[in-house]
Every structure is written in structure tokens, then in C-alpha cells.
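Taking it in order: structure first as C-alpha cells, then the write-up.
The values are calculated or read from the model by the stated rules, or taken from the named source; none is laboratory data. What you are looking at is a predicted structure, and each value in this text was computed from that prediction instead of being measured. Backbone-built Cβ (ideal geometry, glycine too); neighbour counts: all protein chains shown. Heads up: the accessible areas ignore ligands, DNA and RNA and are worked out on the full protein's heavy atoms, side chains in. Shrake-Rupley method; radii C 1.70, N 1.55, O 1.52, S 1.80 Å.
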Amino acid sequence: MTTTGPTTDPSLIPLHCLRFEEPGPPRPAELPGGAPAWLVSRHADVRQVLSDPRFGRAQLYADDAPPLSDVPDLVNNPDLMFNQDGPDHLRLRRTLSRAFTPRAVARWRPWITAIVEELLDRLEERRQPADVVEEFTLPLPVAVISRLMGLDESVRDRMRHWSEHAFSDGSHSGKEVRSVLEEFSAFGGELLAERRRAPGDDLISGLVRAADKEGGLPEAQLVSLVCGLVVGGHDSTMTMLGNALLYLLGERPESWPRIGADEEAAGRAADRLIHLIPLGDDRGTTRRAATDVEVGGVTIPAGAVVLADCGMANRDPDVYPRRTLDDLFAPLEAPTLSLGAGVHYCLGAWLARTELQIALHRLAARFPGLRLAEPADAVVWRTGTTSRSPRRLQVSW
């Protein structure tokens, strides 16, 4: 759970400025709609909840489960791979797991770097101050996921529209979200059909081949998987990169030269930034207990919804000493929980980390004098979704 002060609008607070309570034993809490839940916040407890198969996602959508959202969204679609458990989840995950291994992502580094350099060439030609979101933090992950999935320019223009509704925070009407998600699902279905007719060497063609080999995968789950890749493949990286730049340029300018001079140091900084800066304002991820389970000396009853607060767990002083917590170049003492744990660990984690490392390193190397051209409190925030980052970030060099 985060606290920001009694008079401050949380939606205007940079995410690196959010304050987290001290982690403690599991305790009763509430879901956003007021339904009872359990909050877990210590590193060991959060990791247990995310890794123990007795805590699942699928039962969150059972008939007797409390509602998690007032409006439909992609995240709470029961067909989404993230919301499957057991054999159903593993069958879907197998169709993609080889595509996102560290070895696979390493083969992509040259062309990811080429995209970064092309965008930096364009940025260099812009009048100052320039909007680094429009010129870099948004087009980079969009271009990367588009190349991986074989998407053309017309789709790139619609990605943000789909993302804003797929990850809606409830500020869009249910009718509006349903309409956009229907359009998005139709696109996903058409893309799968197109790749079946004319397969290539892109990620979707590989998914189709793997799904055919696996056999028996419902089409609705494949469509949800495609849609999740389209929006999840760029939204998280865009959010991470925009928030990282606001923090680095506004709070940690002394780190900028080292990030530009040393790519390995940039990688360690990327790890710390992913670890410390959340993607949004919510508490973390949710699971439901299939049976009574003891966590941290407390029995969580069967059927209970559990909020696993990864932000608090990532600051657990028993795991991450305070003396190194803000050291951008110190290796993490334990794997971050920002990208999950267990069988639901983020498939795109290595790709996101690689994009962030290359983007920060090359941006700092090419623009060693990069600086904010407006005060941090003048930043316009992208709101309306469960993730949050600057909508516009003016910089000079």
C-alpha cells in the first residue's frame, strides 16, 4: 500500500515519489469495491502467494468471487493466459515461452539497437525543447513489438487506443470499453486467421504453429493471448521508460554520465528502476486461496482474495538493505517482484529489461547533456489506465 500525504492528489505524484508502508504480517484489507481481502506485504509472504499453486488466478472469476472491477477490461478477461491456472495455463504458456528466453532476446539486440539509434537520429533533428515521450519512449516499444508480431503502420496508430481501454482504471464507461475490446478482439482473430493462411517468421506465426502442435487450445484464449501481446508488449516498457527518465533527469542527474558510458552499469540501473518504480498506483497483484493456507504465521482461509503488495515487498529491509536501496548501480540482492514470480512470472520480462537498458544507455551516450525543460511538477500525466507515466516530457540537450 502507498501513502502520499493527506492533501496530495495521488494521480499527480511521480511514481518514484510514492511512499510505502513498512511490510508486516498478513492482515485483513479491502478490495477497491469494499469486499474483504487479505494484504500480504513481506517479501517472503508475497513470493509465497505468487508461487504457491494453492493461490490462483482462475478462481478470482468464479461465480462466488467478489468483483475485481466495475467495468470490463482485458486484464480481467478469464480467457487471458494470466488468468488461467494449472494445465490450462501451462499449455498456453508453452506456446510462447521459447520466444522470450534470454537467448532469444539476445538475438534481437542488434535490431532493437538499430531502432533506438534511428529514433535518436530523429530526436537530434527536432527543435528544442522536444517531447521525449512522443519522439522516443512511446515509438520505441511500439516499433519493437510491431516488428516481433509483423504489424504494419496502421495497427501502430491504434495500439494506444486499445491500451487505454484494455487497461482502463474505471474512468471509461463499461459500454465504451466493451465496444473497443470487441473491436480489438476482432483484430486479434483476424490476425490469427491471416497468419494461418500465410505464415511468416513473426511471433504470431510462431504462436499459430505452437498452438497447432499443442492442440485443443480454445480460439478465445489464443485471441486474448494475441491481444495481450499487442498492448502488454508496449505499454509496460513505455511506462517504465517514461517514469525512469523523469526520475533520472529530475532526481538523479549525477547518474546520467555513467549510464551513457557503461552499458553494463545501464543494465544494473534498469534492474533497479524496474524494482523501485511501480507501473501504477495500485497495490499489486491479486490471487484467491483454494484452501486454508498458512502465510507468515497467519492462516488465510479458503476462498479469500489476497492482495500481494509487490511495492512493499520490494522494499522489505530484511531482503533489500536500506543502504543500497537507492544505489542505482548496485546489483539487486534478490530477484525483484515487480515482474511477478512463480508460474505467472512475466514472459516479456527479459525483453522489457533489454529495451530499457539499451534505450537508457544509448540516449545517455548520444545526449550527455539531456535535461528536463520544465519543472517536474509541470509534467502532464497519462491517466485513465492502471499504468501511469508522463503524457508529455519536455527535454533539452
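Below is a table of values for the structure above.
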read-out	value
Selection count where residues are basic (Lys, Arg) and surrounded by fewer than 19 Cβ atoms within 10 Å (Cβ to Cβ), scope region 53-71	1
Test for Arg288: is it within 29 Å of Asn83 (Cβ to Cβ), open to solvent by 60 Å² or more (accessible area, probe 1.4 Å) and touching a residue at least 12 places away in the same chain (Cβ under 8 Å)	no
Helices (runs of 4 or more DSSP H) (entirely within region 38-141) containing at least 1 residues that are of a type in the set (Phe, Trp, Tyr)	102-125
Only one of Leu332, Leu328, Leu339 that is at pLDDT below 95, surrounded by fewer than 23 Cβ atoms within 10 Å (Cβ to Cβ), among the hydrophobic types (A, V, I, L, M, F, W, C) and not in a helix (DSSP H, G or I)	Leu339
Unmet requirement for Gly33, which otherwise passes all of (1) open to solvent by less than 40 Å² (accessible area, probe 1.4 Å); (2) at pLDDT below 85	(1)
Enumeration of residues in region 83-107 that are open to solvent by less than 40 Å² (accessible area, probe 1.4 Å) and among the polar types (S, T, N, Q)	Asn83, Gln84, Thr95
Some residue of region 161-181 being open to solvent by less than 20 Å² (accessible area, probe 1.4 Å) and at pLDDT 95 or above	no
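Conditions (1) more than 30 Å from Val305 (Cβ to Cβ); (2) at pLDDT below 95; (3) in contact with a helix residue (DSSP H, G or I) (Cβ under 8 Å, 6 or more places away or on another chain); (4) surrounded by fewer than 19 Cβ atoms within 10 Å (Cβ to Cβ), marked per residue:
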{"position": "Ser41", "(1), (2), (3), (4)": "no, no, yes, no"}
{"position": "Asp73", "(1), (2), (3), (4)": "no, yes, yes, no"}
{"position": "Met81", "(1), (2), (3), (4)": "no, yes, yes, no"}
{"position": "Arg109", "(1), (2), (3), (4)": "yes, no, yes, yes"}
{"position": "Glu117", "(1), (2), (3), (4)": "yes, no, yes, yes"}
{"position": "Leu123", "(1), (2), (3), (4)": "yes, no, yes, no"}
